[in-house]
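> Shown below is the structure under consideration.
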Amino acid sequence: MKPDVVTTTPYRNVPSSTPAFRAAWWCRNAHLQTLWAALVRPRPRVATRRERLELPDGDFIDLDWAVTESRGPIVLILHGLEGSSESKYARGLLHAVVARGWRGLVMNFRGRSGSLNRLPRSYHSGETEDLAHVVAVLKAREANTPIAAVGYSLGGNALLKWLGETGDRAPVSTAIAVSVPFLLAECAWKMERGFSRIYQWDLVRRLRNTVLAKQRAMTLRIGVSDVTTLRRFRDFDEHVTAPLHGYAGADDYYARCSSRQYLRNIAVPTLIVHSRDDPFMTESTIPTPAELSPTIAFELYDRGGHVGFIAGDWPWRARYWLEERIPNYLETILPTNF
């Protein structure tokens, strides 16, 4: 079988010791790729220690560090919507990072570490101030330590937006973004159709539950009296995300926070891994080569689902290809000695 990579596009690739992705024969459907990674895969075991980081506005976020004796480069991981350091892809990458002799940590977005954050505001696809603060703290502690950032889905969108905002001032050595919702409005539209509505139902339900828990602890100035009536991402973003974070509405939020418009300004070496069959978005969300800066390598595959990329000969011997590709890419950038 041939790899599932699209080899005819003019996207720039980087040399890699990782074979191009080929979906497992037993897991070639986009939804199987997505659901296997999220539901069937065992959670990798990685010992972690928690650091609570106070933020300038009086709130906090929790950082979960992989336990290691290494003093090597730091790999900062950003999770997706309603994810956390407990997400299987985050745990899997932490395990791979430690195995390479690096240090890894997951930045739990506000309210995603198991504790409600203190302020009414939360996290969203375009929130970059917390990421900037975390990286600044890390650099202040160890000015000469190389830092790599890896973002999945929503975390990938925020990462790319931040890299575009900072340009050649970005204080990281390299970045990787996986399964990014480059155009938020189109992704919200896609999630209202077909089987993708199942993902929307689950994620919006979890978002509503978080709002309900916060309403028991504080007053939230949102645009709806009963959050349980919200069923679509667009409705949630119109009545909750936008008013809590200073946007005029869902359309304003989508327009200002979609990462695609920031890609041409990225100045650090960046790898983007994406699948055409991602059930969270349409093909039209994929940026064109002309929209990418020269520092971006874009790997586009026919299959892979959303944060899936499951390979392997048999279900009981599944291979999580991203945890091979990401470290192998990082090895081309991060120094072994510094």
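The values are calculated or read from the model by the stated rules, or taken from the named source; none is laboratory data. Remember, it's a predicted structure, so these values are computed and weren't measured experimentally. Backbone-built Cβ (ideal geometry, glycine too); neighbour counts: all protein chains shown.
> Mind checking which residues of the stretch 49-97 are of a type in the set (Val, Ile, Thr) and within 22 Å of Ala170 (Cβ to Cβ)?
The answer is Ile61, Ile74, Val75, Ile77, Val97.
> A follow-up question, please. Inspect all residues belonging to the stretch 328-336 and state whether any of them is in contact (Cβ under 8 Å) with a residue 40 or more places away in the chain and within 20 Å of Gly80 (Cα to Cα).
Within the stretch 328-336, none of the residues are in contact (Cβ under 8 Å) with a residue 40 or more places away in the chain and within 20 Å of Gly80 (Cα to Cα).
> If you don't mind, another one. Kindly indicate which of Ser125, Ser84, Ser70 is polar (S, T, N, Q), assigned to a loop (DSSP other than H, G, I, E, B), within 25 Å of Leu39 (Cβ to Cβ) and out of contact with any Pro (no Cβ under 8 Å at 6 or more places or on another chain). Before the answer, list the steps.
Numbers: Ser125 fails: out of contact with any Pro (no Cβ under 8 Å at 6 or more places or on another chain); Ser70 fails: within 25 Å of Leu39 (Cβ to Cβ).
Ser84 is the lone residue from the list that is polar (S, T, N, Q), assigned to a loop (DSSP other than H, G, I, E, B), within 25 Å of Leu39 (Cβ to Cβ) and out of contact with any Pro (no Cβ under 8 Å at 6 or more places or on another chain).
> To continue, here is another question. Residues to consider are Ala20, Ala24; find the one that is aliphatic (A, V, I, L, M) and modelled with pLDDT under 95. Steps first, please.
Working: Ala24 fails: modelled with pLDDT under 95.
Exactly one residue qualifies, and that residue is Ala20.
> Take the stretch 63-98 and flag every residue that is closer than 17 Å to Arg43 by Cβ, aliphatic (A, V, I, L, M) and buried (at least 21 other Cβ atoms within 10 Å of the Cβ).
Taking the stretch 63-98 and keeping what is closer than 17 Å to Arg43 by Cβ, we get 64, 66-67, 77, 79-80, 82-98.
Now drop any that are not aliphatic (A, V, I, L, M), which leaves 66-67, 77, 90, 93-94, 96-98.
Ala66, Ile77, Ala90, Leu93, Leu94, Ala96, Val97 - these are the residues of the stretch 63-98 that are closer than 17 Å to Arg43 by Cβ, aliphatic (A, V, I, L, M) and buried (at least 21 other Cβ atoms within 10 Å of the Cβ).
> Here is a further query. Of the residues that make up the stretch 101-124, is at least one at pLDDT below 95 and either assigned by TED's automatic domain parsing to the domain that holds Tyr320 or within 30 Å of Arg206 (Cα to Cα) (or both)? Don't jump to the end; show me each part of the working.
Here is the first cut: in the stretch 101-124, the residues at pLDDT below 95 are 101.
Subsequent filtering for residues that are either assigned by TED's automatic domain parsing to the domain that holds Tyr320 or within 30 Å of Arg206 (Cα to Cα) (or both) retains 101.
The answer is yes, given that some residue of the stretch 101-124 is at pLDDT below 95 and either assigned by TED's automatic domain parsing to the domain that holds Tyr320 or within 30 Å of Arg206 (Cα to Cα) (or both).
> Quick one: what pairs do we get from the stretch 234-255, first residue not assigned by TED's automatic domain parsing to the domain that holds Lys190, second polar (S, T, N, Q), C-beta under 8 Å, 6+ apart or different chains?
none
> Filter the stretch 286-324 for residues that are touching an Asp or Glu at 6+ places or on another chain (Cβ under 8 Å) and buried (at least 21 other Cβ atoms within 10 Å of the Cβ) and give the result. It would help to see each step written out before you state the result.
First, pick out the residues of the stretch 286-324 that are touching an Asp or Glu at 6+ places or on another chain (Cβ under 8 Å): 301-306.
Across the stretch 286-324, the qualifying residues are Tyr301, Arg303, Gly304, Gly305, His306.
> Could you count how many residues in the stretch 87-105 are assigned to a loop (DSSP other than H, G, I, E, B) and in contact with a Ser or Thr (Cβ under 8 Å, 6 or more places away or on another chain)?
Filtering the stretch 87-105 down to residues assigned to a loop (DSSP other than H, G, I, E, B) leaves 87, 100-102.
Add one more test, that the residue is in contact with a Ser or Thr (Cβ under 8 Å, 6 or more places away or on another chain), and what stays is 101-102.
Matching residues across the stretch 87-105 total 2.
> When you look at Val204, is it free of Cβ contacts under 8 Å to residues at least 40 places away in the same chain, assigned to a helix (DSSP H, G or I) and under 25 Å from His274 (Cβ atoms), yes or no?
Spelling it out, Val204 is indeed free of Cβ contacts under 8 Å to residues at least 40 places away in the same chain, assigned to a helix (DSSP H, G or I) and under 25 Å from His274 (Cβ atoms).
> Separate question: Identify the residue in the stretch 121-146 that is aliphatic (A, V, I, L, M) and out of contact with any helix residue (DSSP H, G or I) (no Cβ under 6 Å at 6 or more places or on another chain) and, among all such residues, is nearest to Tyr253 (Cα to Cα). If you could, list the steps in order and put the result at the bottom.
Taking the stretch 121-146 and keeping what is aliphatic (A, V, I, L, M), we get 131-132, 134-138, 140, 143.
Now restrict to residues that are out of contact with any helix residue (DSSP H, G or I) (no Cβ under 6 Å at 6 or more places or on another chain): 132, 134-138, 140, 143.
Numbers: Ala132: 20, Val134: 23, Val135: 24, Ala136: 26, Val137: 28, Leu138: 29, Ala140: 32, Ala143: 34 Å.
Checking each candidate, the answer is Ala132.
> Further question on the same structure: Go over the candidates Glu86, Glu69, Glu82, Glu54 one by one and state the one that is of a type in the set (Asp, Glu) and closer than 20 Å to Ala177 by Cβ.
On inspection, the qualifying residue turns out to be Glu82.
> Tell me which residues, restricted to the stretch 292-338, are more than 20 Å from Ile77 (Cα to Cα) and of a type in the set (Asp, Glu).
Hits for the stretch 292-338 are Asp302, Asp313.
> For the stretch 192-201, which residues satisfy the criterion of being surrounded by fewer than 17 Cβ atoms within 10 Å (Cβ to Cβ) and assigned to a helix (DSSP H, G or I)?
Result: Arg197, Ile198, Trp201.
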